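To start, the structure under review is shown below, and the notes come after it.
The values are calculated or read from the model by the stated rules, or taken from the named source; none is laboratory data. These figures come from a predicted structure and were not determined experimentally. We place every Cβ from the backbone using ideal geometry, glycine too, and count neighbours over all the protein chains shown.
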Amino acid sequence: MSVVADKPTLDHRVALGAVVPVDVWRIVRLAAMGFYVVIMLWWFRTQGMVWERISVAVALGVFLLCAFIGKPLREWGRLAFDVSFYCAMWYAYETTRGAADGKIFGIKFPLQVDSVRNIDRVMFFGNDPNTVLQSHFWESSIRWYDKVASTTYMTHFFLAPIVMGALWATNHRQFRRFLKRFATVLGVGCLMFIVMPTAPPWMAAKNYHIIDPIVRNSSRGFSAMGFKAFTHGWQNSLDWGNAVAAMPSLHASFALIVPAFFLPWLKPLWLKAVVLVFPVVMLASLVYLGEHWVIDGLIGWALVGGSFWSWNFFERRQRRNRAQRSYAALAAL
Amino acid sequence: MNPPSVLLDFSFLTALANTTNPNHSGAVTIFSALVDDFVEQRCLLFARADNLAALANPDLFAPIDKLHIAGQHRNAAAELAGRTEIEIDLAITLVLIQRHRIRRIASFDDHLARYDVDIVQRPSAASNVVAPESPSVPAATALEPGAGQLSN
């Protein structure tokens, strides 16, 4: 037998699609996912944007049910494992956020107020970026940039879950890669919430009076466009939410992690630059809306960078180890 | 989004694992190039889980991911075998590579060459297809346009 299987001419080759039976379930899945998207758009328009954690999880769960119709049992088992991890990840996040203000574990670290304000002042030559932006741009009437800032802010609640859902349904390998990086950012973020509770700028102005007064109304631009946020009664379950979880800014982290993940597949340089504008707009919005200090966002970005670097390093080492095992076994034959 | 996937079929795995197989040296050459590509994320390696289990050499096949055969794959293969002269084992492989959109196969089985898949060749046999942007990549594993990707 020849080592090389010569390619026959195309005239003699049979298209696999012509002989292998069609996967009918795939058609069902595509139809179900299409129907789901239509329903979600309708829901978004009539009931409001699904944004709080449990509603997002339910919406994601329904989508995954559509995406896994007719898939082999082994894949359903893998889905169950993934879903468990996903839920545990968010549960840990909510719990440690609560712990940060002493509600859950009784742990309480000193609240950072002046320190972050001072870092921002050093970076901006003695100015407070939050108050500078609001004094220049905030008006009683809603301007176009209020809509941009508000909409960008709201994407935090659904962009990453949408990306995860899409990857979950279409490409499990990439989903796992994304989830590992995402969970690392979330985990380190949670630890920082506990050991470094930090007052956001609006609180620093309102409760501690260490910067000029700033207005906090992150959703007004979003509402002005006719959108609303859907909130189910079970939002009460999120009462652990912690107001002093400014450091790091996960808004900034999530806004970077999505474009950063897809960056290798975007070939034109200009497109890479365009998608990286999004995290910059997010950070500018967070500062303008008084939700975060600039340093919160920079630390959030650094977390994303660290997560990507660590996982890239670890995955490369894993591949090398697998190759080494193989070469060693080959040599021992 | 994934690197192109390559299926290592049973004829190839057998040749690789068995030093007395006449195709062993060819298999080693191809496999080494594929593993190098795997490390550099230029390809993903797959094999049928039942084939890997039959040869029981997990270290040798460490870079290879398993393709598990589900009931629906067997049913589709039985249907394919029922209306053609294709053997059930080959039919299962065809169903798997179609469902997972794999279009490159490392194989010494001439039957697969009848289908519109790329059979991975020895570097020396295909030196004229080295990708110009990656001259160090052995020709057998240079990424080719249209190479299939695994969807999950």
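Run down B:Ala33, B:Ala17 and say which single residue is more than 7 Å from chain A (Cβ to nearest Cβ), within 27 Å of A:Arg74 (Cβ to Cβ) and either crowded, with 18+ Cβ neighbours inside 10 Å or modelled with pLDDT under 95 (or both). Outline the logic, then answer.
Working: B:Ala33 fails: within 27 Å of A:Arg74 (Cβ to Cβ).
Sole residue among the options that is more than 7 Å from chain A (Cβ to nearest Cβ), within 27 Å of A:Arg74 (Cβ to Cβ) and either crowded, with 18+ Cβ neighbours inside 10 Å or modelled with pLDDT under 95 (or both): B:Ala17.
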- Task: Answer yes if at least one residue in segment B:64-71 is more than 8 Å from every other protein chain (Cβ to nearest Cβ), closer than 17 Å to A:Arg173 by Cα, crowded, with 22+ Cβ neighbours inside 10 Å and in contact with a Cys (Cβ under 8 Å, 6 or more places away or on another chain), and no otherwise.
- Result: no
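Looking at A:Phe63, A:Phe85, A:Phe81, can you tell me which residue is closer than 22 Å to B:Lys66 by Cβ, more than 14 Å from chain B (Cβ to nearest Cβ) and touching a residue at least 60 places away in the same chain (Cβ under 8 Å)?
A:Phe85
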- Could you check, for segment A:127-134, whether at least one of its residues is in a loop (DSSP other than H, G, I, E, B), modelled with pLDDT under 90 and either surrounded by 20 or more Cβ atoms within 10 Å (Cβ to Cβ) or in contact with a Gly (Cβ under 6 Å, 6 or more places away or on another chain) (or both)? no
- Message: I need the full set of residues from segment B:36-52 which are within 14 Å of A:Ser326 (Cα to Cα), part of a helix (DSSP H, G or I) and either more than 8 Å from every other protein chain (Cβ to nearest Cβ) or in contact (Cβ under 8 Å) with a residue 40 or more places away in the chain (or both), in order please.
- Response: B:Asp36, B:Asp37, B:Leu52
- Note on the structure: If we keep only residues of segment A:66-75 that are closer than 16 Å to A:Gly165 by Cβ and surrounded by fewer than 17 Cβ atoms within 10 Å (Cβ to Cβ), then the residue farthest from the other protein chains (Cβ to nearest Cβ) is A:Ile69
- Query: Inside segment B:41-55, can you point out the residues that are touching a helix residue (DSSP H, G or I) at 6+ places or on another chain (Cβ under 9 Å) and surrounded by fewer than 16 Cβ atoms within 10 Å (Cβ to Cβ)?
  - Reply: B:Gln41, B:Asp50, B:Ala54
- Task: Scan (1) more than 21 Å from A:Ser253 (Cβ to Cβ); (2) modelled with pLDDT of 85 or more; (3) in contact with a strand residue (DSSP E or B) (Cβ under 9 Å, 6 or more places away or on another chain) for the single condition A:Pro197 breaks and write down its number.
- Result: (1)
- Note on segment A:300-333: residues touching a Pro at 6+ places or on another chain (Cβ under 6 Å) and more than 25 Å from A:Ile257 (Cβ to Cβ) are A:Arg322, A:Ala323, A:Ser326
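Residues checked against (1) modelled with pLDDT under 85; (2) surrounded by fewer than 22 Cβ atoms within 10 Å (Cβ to Cβ); (3) more than 20 Å from B:Pro4 (Cβ to Cβ); (4) at the interface with chain A (Cβ under 9 Å from one of its Cβ atoms):
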residue: B:Ala91; (1), (2), (3), (4): no, no, yes, yes
residue: B:Ile97; (1), (2), (3), (4): no, no, no, yes
residue: B:Phe108; (1), (2), (3), (4): no, no, yes, yes
residue: B:Ala113; (1), (2), (3), (4): yes, yes, no, yes
residue: B:Asp116; (1), (2), (3), (4): no, yes, no, yes
residue: B:Pro132; (1), (2), (3), (4): yes, yes, no, no
residue: B:Val137; (1), (2), (3), (4): yes, yes, no, no
- Message: I'd like the full set of residues that are aliphatic (A, V, I, L, M) and more than 10 Å from chain A (Cβ to nearest Cβ), limited to segment B:72-89.
- Response: B:Ala81, B:Ile88
- Query: Which of (1) part of a helix (DSSP H, G or I); (2) facing another protein chain (nearest Cβ under 8 Å); (3) crowded, with 22+ Cβ neighbours inside 10 Å; (4) within 16 Å of the chain's Cα centre (by Cα) does B:Phe61 not meet, given it meets every other one?
  - Reply: (1)
- Report yes if some residue within segment A:79-87 is more than 23 Å from A:Ala183 (Cα to Cα), buried (at least 17 other Cβ atoms within 10 Å of the Cβ) and at pLDDT 90 or above; otherwise report no. no
- Looking at (1) surrounded by 16 or more Cβ atoms within 10 Å (Cβ to Cβ); (2) in a helix (DSSP H, G or I), which is the one condition that is false for B:Gly82? (1)
- Message: Checking the conditions here, which among A:Ile142, A:Ile194, A:Ile214 is in a helix (DSSP H, G or I) and touching a residue at least 40 places away in the same chain (Cβ under 8 Å)?
- Response: A:Ile194
- Message: Any residue at all in segment A:295-310 that's under 24 Å from A:Ala205 (Cβ atoms), touching a residue at least 60 places away in the same chain (Cβ under 8 Å), in contact with a strand residue (DSSP E or B) (Cβ under 9 Å, 6 or more places away or on another chain) and not in a helix (DSSP H, G or I)?
- Response: no
- Message: For segment A:135-147: of the residues being surrounded by 12 or more Cβ atoms within 10 Å (Cβ to Cβ) and modelled with pLDDT under 90, which is farthest from A:Thr198 (Cα to Cα)?
- Response: A:Ile142
- Subset of segment A:284-294 [crowded, with 24+ Cβ neighbours inside 10 Å and either of a type in the set (Gly, Ala, Ser) or out of contact with any Phe, Trp or Tyr (no Cβ under 8 Å at 6 or more places or on another chain) (or both)]: A:Ser285, A:Gly290, A:His292, A:Trp293
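Out of A:Val122, A:Val132, A:Val163, A:Val116, I need the residue that is more than 14 Å from every other protein chain (Cβ to nearest Cβ) and closer than 20 Å to A:His251 by Cα. Which one? First the steps, then the outcome.
Values: A:Val122 fails: closer than 20 Å to A:His251 by Cα; A:Val132 fails: closer than 20 Å to A:His251 by Cα; A:Val163 fails: more than 14 Å from every other protein chain (Cβ to nearest Cβ).
Exactly one of A:Val122, A:Val132, A:Val163, A:Val116 is more than 14 Å from every other protein chain (Cβ to nearest Cβ) and closer than 20 Å to A:His251 by Cα, namely A:Val116.
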